[in-house]
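First comes the structure, then the notes that go with it.
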Amino acid sequence: MKKQSAAGLFFSILLKAVVILLGIVIIGFGIFFVIKVAKTDKKEKTPTTTVSDNVLTEAEAHDDLLYETATEATEEVVTEAPAPADGTSYNKNILVLNSTDVSGLAGRWCGKLNEYGYTETTASDFSTLQETTRIVAKEEGVGQDLVQYFNGASYEVGNVTEGVSVDTNAYDIVIIIGSADNDGQ
C-alpha cells in the first residue's frame, strides 16, 4: 500500500467534506421547495372573505331584546346548496351589503357564498333599508347565477354609488341584501 503525502491526504479529506456539504445543501433546498409548494397550494384553496371596518358586528350593534325577538321570529330552514347555474361569478370580486337591521348579515351571506364556491367576497353596510335583494353587476350576464340563492332578488347592470361607504369600483358584483333574505345564516 502506497503512503500518501500530507498534502494528498489533506486534499482527499477536503474533497470528501465538500461532497458531503453539497449533499446536505441539496437536500435542504429540496425540503424547502416541497414546503413552499405545499403552502402555496393551501393558500390558493382558501376562500377569502374580508369585512369592512364600518360593518357592525353582532356584539357591537344589537341589544339582547331585539336579537331574541328576531331569532324567535326567524324560522330555521336547512337547505342543500343549489348548484350555480353557469358559474360566471366564480373568481369575481363580490361586495355584499347589509341593508337590514340584522347585524352581521352581510358577513353571514359572505360565508354562505364561500360555501357555494364564490371565494372573493367582502361584507359591508348599506345605508337604506330594502325589502328585496338587489344584485348589481358591472357586466351583462355576470352575477345572474347568484340570483338563485336569494328570495325574489332583482338583477341589474350598473354601479352602486349611493348608500355605501366603501368604494364599489373594485368589485365586479355588488349584492345588497334585503330583509327578505335576513335568514342567510
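Bear in mind that the values in this text are calculations on the coordinates, not laboratory data. Only a predicted model underlies this, so the values are computations on that prediction, with no experimental measurement involved. Cβ placement follows ideal geometry from the backbone for every residue including glycine, while neighbour counts extend to all protein chains displayed.
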- line: So for R0 = 30 Å, FRET eff. of PHE10-PHE32 from the Cβ-Cβ r, to 0.05, ends up at 0.35
- prompt: Full extension from VAL19 to THR161: what is 0.36 nm times the residue separation minus their Cα-Cα distance, to one decimal in nm?
  reply: 44.5 nm
